[in-house]
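The values are calculated or read from the model by the stated rules, or taken from the named source; none is laboratory data. The model shown is predicted, which means the values in this text are computed figures rather than measured ones. Note that we place each Cβ from the backbone using ideal geometry, even for glycine, and neighbour counts take in every protein chain shown.
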């Protein structure tokens, strides 16, 4: 069924309504606040730590967040385990307080749900940033089997699914039973092997691939310049640091069958290094060191070539050699090569230059051999011998020898001394003597010193071993020849090679004739060292003054023992050095490790437990056990066979430190509240190990840190002065060791609402834990309420006012947030009655003190406020007003009792009628009637006072008291005075005549002006009647102003009227017109004054634009005044009241205005085609309106088509014209009943090749649509 025009308009209007509502809703949303989501922790770990509390609340701005505007999404991300086995659990609370446990699986979609699904709303609709209003729910993580991590994201979204604020993410991780450890199969590689295996374990717990893949090995090279591990990556900026990530794939750790450990084989890449040392540290997933997972690996290539023997044997005429690998490598290939001097034909192994390849292997890794020497005709020879390993020279030595052995002997300068003791006896003088023949330079070059060292050690020529091949007798003696039988002394130095004793045997001249004969050699010499050990205070880095040790740290005595013996001190040597503790304080002892040192019995071996290398420093800590001593003294001495006479002992002096711990006696000091909470119960515990006397306690200062400004902390009646007050001042008695002492301090809050501070024990107190407590105190709200006067005897209307006084007894000012916590309760309020503050009724249990006061309540300052009793029909109202909520005052209740007051009911008759007096008539009479049932005597009438309001400063009212005229004094003159102290019986009326004395007004220049007008009220107070006032109006002129021509009107029509004066002449400046409309939204034009609103009073001179001094004479009207509605309101019709006012005299007239009703329709407007002209008229059967105010708008679905419309041609869609211009010359001709519009023609003049179009014509009046019609146009068929 086709839509009618009315239906279409209704649908369009409905769409507009929906659209507007939508806009309004969006606006409300934008004006509301937002919400934020937080958690109490972000990381959970292990089986017991699986609960998190999620909080949703408003932000800090003033706009509360509307709960219904938001939803929450929960997303669960799982690592390890099986999908669907992990869940998030929470307890859902319905509005009926019933609960049920709800779980979210890890494989569920993260669908957004209303906040009420997760949180108990408790009737809340909005959320501020107050923690007390926040929504809170606890969620429990339930990980499935083999799950190592759950990451849950809580996200707020709006109703469109858009994220609001920052989501909150919480991570749960499996707790590894024990931290990771690291082990290596080899930590000291000496044979050049390059493979090591690292093992990662977790203290017996099962290891999981997901955790292992996150580990990294940090490699720090301590020795070497090139060595690294295969697959390791260099650390940026650190040349000696690398990392090896155990990520999945080739680098991953292989989990053992029992799943308790995982291993990985790593390869050392030495590069050019022969020695290397690596510190290995396991890093966790965050790249942090795992302290329990560290190892050190040292590596050597295992090659240490030593030539033990390379010499010429005269007897066999061969070069004999012995070469050994002292390194750990099992097999080493070397090359021994030689080259003879030029000009000599001697050959070795048949070659002047040659080499042999040798293999060092087997148990001894030693090779021995002989190379034959061919002399030819030469008698002396010199060869260079070189040993190479992997192409590198490891030995290079010249060897000179002779075909015929020279005759030489060696002996001691003092043959009787063959044993030497101590460092001072290390120089030995030998004598070398030539035989029967002179020895040439070549003879001396062909011989050398040789000996055997039984316990190691060497005989040195300078710094070189005297038997070295490169030191011949030529070098040793420093001569080119030695005559036959001549001798030469040579001094050699014993190098004991850090041995306590060494023996040298078979000291001979190698290469000499009969070198092994006893007569030609020294058979044996011996040397024995002396034990020399120093001791000093030293912590391994710095020298320590052992006479200044204090406190627990000072009980550790850091000693450094230095071996100055020149040889290693083995166990047997160290057992010869005894520890002496001289003058040790009684009751004290000194321990090494856990063992007590016994004076003169404990040895240095007991202290060190390992050999002390020659020249080495070894650090060792001893421990003082003080007992109850506050000071310890002793001298530690190294005695026994220690031969040092200096630096062999140290003096030790230790003093104890004061250590006092402070803590609460069980009260949570962070939650102190109110007056009781101002007492801070503390316990002081002496952990010094000795009693603290007065002098000690005076050294412990009380330190108050971060104390809230204006507050103080007291002990007894004294303020604690931070860093000045001592613990002795607090306790006043000694503090025994280990015994607690309890003491209460007091917070003086001043005007603070809360007080926080830290109390620390400072000064010389050395306690490192529990030496301070943090205190947080919150004040309580205390507001006292009391009545100003007796609230149990309130009566009558005056008694309905309940005068209260509120006093803030809190030591701090109460602001809005505080006052909102004080709730007003009205207990036992009489039914049907209420109590109000301002225009609002108190809602018991809901209304707060902030509602009552609306302002800050200053501490200690009373504030007065009146409440009002609204009794309803009750003649008696009772209630108790109680300050509840957070109020902690004891004076928090007032009792109120009110009852109706039975006042005498004296009224003024005809109170509603104004008394009009003119000119010389200045007397008027008031009638006073006793409307009660009780006769009133003069005493009762004296309680009723007379009031005159509006008489002015110069005017007076008098009455005659029988003897004279008496001036009424307002508020003092009584009704008894007026009635001449007569009583007024019940039901009786008495008249009183009054006289007006107008007086004179103060004019300019001190001139007094005659008063021409008075308007005042005469009344009585303290009467139980309501008719107690009467208006009196006196004028010295006859004022009679009337309206002419003022009549009802409509719409934009205007009404013309005039003001006519039928009384005495008046100035136009004294005349005003007040305009009032029942519809306050309307706007008017009144004469020359535009934009007039209801209630305005405008002078006639302004309305007429005339002089205020112009007279309006008797029986003469004003010029026309135009009244017109320029802005319609909401009420139709509207009553308009005009009041003309002059000298207090008013004349009113009411008229009606209503909007015009238009009934406009199209006639003859039908579908048309081609270039056909459709003719139509616009008909109005309602109120007539000007055609210039009616507009016709043309719209076409084909917007580029062109039309002719009446007088306008070539117009397009959207064109709008006044009806008066469409038909020329009709602008001012009304359109109304029986006044039809002329015919209008509509024609398509350019269809732009369009085939059809829907054309809409719309009629508007004053911008409002009143009529619309659509027609169809089609092109003519060809």
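A compact table of results
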quantity: Test: residue in segment 1130-1153 that is part of a loop (DSSP other than H, G, I, E, B), in contact (Cβ under 8 Å) with a residue 40 or more places away in the chain, under 14 Å from residue 1052 (Cα atoms) and not assigned by TED's automatic domain parsing to the domain that holds residue 1270; calculated: no
quantity: Any chance residue 76 is modelled with pLDDT of 90 or more, out of contact with any helix residue (DSSP H, G or I) (no Cβ under 9 Å at 6 or more places or on another chain), within 17 Å of residue 157 (Cβ to Cβ) and in the same structural domain as residue 150 (by TED's automatic domain parsing); calculated: yes
quantity: Matching residues in segment 1183-1216 - criterion: being out of contact with any strand residue (DSSP E or B) (no Cβ under 7 Å at 6 or more places or on another chain) and either buried (at least 17 other Cβ atoms within 10 Å of the Cβ) or over 18 Å from residue 1241 (Cβ atoms) (or both); calculated: 1199, 1200
quantity: Unique residue being surrounded by fewer than 18 Cβ atoms within 10 Å (Cβ to Cβ), at pLDDT 90 or above and under 30 Å from residue 886 (Cβ atoms) when the list is 136, 105; calculated: 136
quantity: The lone exception for residue 259 - which of (1) in contact with a strand residue (DSSP E or B) (Cβ under 7 Å, 6 or more places away or on another chain); (2) surrounded by fewer than 19 Cβ atoms within 10 Å (Cβ to Cβ) it fails; calculated: (1)
quantity: Flag for residue 529 being under 60 Å from the mean Cα position of the chain (by Cα) and surrounded by 17 or more Cβ atoms within 10 Å (Cβ to Cβ); calculated: no
quantity: Extreme residue, farthest from residue 729 (Cα to Cα), among residues of segment 685-701 that are touching a helix residue (DSSP H, G or I) at 6+ places or on another chain (Cβ under 7 Å) and surrounded by 20 or more Cβ atoms within 10 Å (Cβ to Cβ); calculated: 700
quantity: For residue 619: the one exception among (1) assigned by TED's automatic domain parsing to the domain that holds residue 745; (2) loosely packed, with under 14 Cβ neighbours inside 10 Å; (3) touching a strand residue (DSSP E or B) at 6+ places or on another chain (Cβ under 6 Å); calculated: (1)
quantity: Residue match in segment 661-670 (condition: modelled with pLDDT of 90 or more, part of a helix (DSSP H, G or I) and either crowded, with 18+ Cβ neighbours inside 10 Å or not assigned by TED's automatic domain parsing to the domain that holds residue 556 (or both)); calculated: yes
quantity: Breaking point among (1) at pLDDT 90 or above; (2) closer than 30 Å to residue 561 by Cβ; (3) not assigned by TED's automatic domain parsing to the domain that holds residue 566, for residue 689; calculated: (1)
quantity: Pair list, Cβ < 7 Å and 6+ apart or interchain, from segment 953-972 residues that are farther than 20 Å from residue 1020 by Cα to residues that are part of a strand (DSSP E or B); calculated: 954/1000; 954/1001
quantity: Evaluation of residue 286 against (1) farther than 28 Å from residue 189 by Cα; (2) at pLDDT 90 or above; (3) not assigned by TED's automatic domain parsing to the domain that holds residue 374 (one fails), failing number; calculated: (2)
quantity: Matching residues in segment 531-584 - criterion: being over 24 Å from residue 627 (Cα atoms), touching a strand residue (DSSP E or B) at 6+ places or on another chain (Cβ under 6 Å) and assigned to a strand (DSSP E or B); calculated: 533, 534, 535, 536, 538, 560, 561, 562, 563, 567, 569, 578
quantity: Checklist (1) over 25 Å from residue 1108 (Cβ atoms); (2) assigned to a strand (DSSP E or B) applied to residue 1042, failing item; calculated: (1)
quantity: Strands (runs of 3 or more DSSP E) wholly inside segment 737-794 that include at least 3 residues being at pLDDT 90 or above, within 18 Å of residue 685 (Cα to Cα) and within 35 Å of the chain's Cα centre (by Cα); calculated: 754-761, 772-778
quantity: Index of the failed condition, residue 128 passing every other in (1) buried (at least 17 other Cβ atoms within 10 Å of the Cβ); (2) under 26 Å from residue 228 (Cα atoms); calculated: (2)
quantity: Given (1) within 30 Å of residue 316 (Cβ to Cβ); (2) touching a strand residue (DSSP E or B) at 6+ places or on another chain (Cβ under 7 Å); (3) crowded, with 16+ Cβ neighbours inside 10 Å, number of the condition residue 524 does not satisfy; calculated: (3)
quantity: Top-ranked residue in segment 1081-1098 [being surrounded by 16 or more Cβ atoms within 10 Å (Cβ to Cβ) and outside any strand (DSSP E or B); ranked as farthest from the chain's Cα centre (by Cα)]; calculated: 1087
quantity: Qualifying position, being assigned to a strand (DSSP E or B) and closer than 26 Å to residue 957 by Cβ, among 928, 879; calculated: 928
quantity: For residue 1108: the one exception among (1) within 30 Å of residue 969 (Cβ to Cβ); (2) surrounded by fewer than 20 Cβ atoms within 10 Å (Cβ to Cβ); calculated: (1)
quantity: Enumeration of residues in segment 212-222 that are over 14 Å from residue 280 (Cβ atoms) and either touching a strand residue (DSSP E or B) at 6+ places or on another chain (Cβ under 6 Å) or not assigned by TED's automatic domain parsing to the domain that holds residue 276 (or both); calculated: 212
quantity: Any strands (runs of 3 or more DSSP E) falling wholly within segment 318-387 and containing at least 3 residues that are over 23 Å from residue 468 (Cβ atoms); calculated: 353-360
quantity: Residues being within 30 Å of residue 888 (Cβ to Cβ) and in a strand (DSSP E or B) - total across segment 703-732; calculated: 8
quantity: Answer residue from segment 1165-1182, given it is modelled with pLDDT of 90 or more and assigned to a loop (DSSP other than H, G, I, E, B) and is surrounded by the most Cβ atoms within 10 Å (Cβ to Cβ) among those; calculated: 1165
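Quick grid of which residues meet (1) assigned by TED's automatic domain parsing to the domain that holds residue 439; (2) surrounded by fewer than 16 Cβ atoms within 10 Å (Cβ to Cβ); (3) within 18 Å of residue 354 (Cβ to Cβ):
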{"residue": "377", "(1), (2), (3)": "no, yes, no"}
{"residue": "385", "(1), (2), (3)": "no, no, yes"}
{"residue": "390", "(1), (2), (3)": "no, yes, no"}
{"residue": "394", "(1), (2), (3)": "no, no, no"}
{"residue": "399", "(1), (2), (3)": "no, no, yes"}
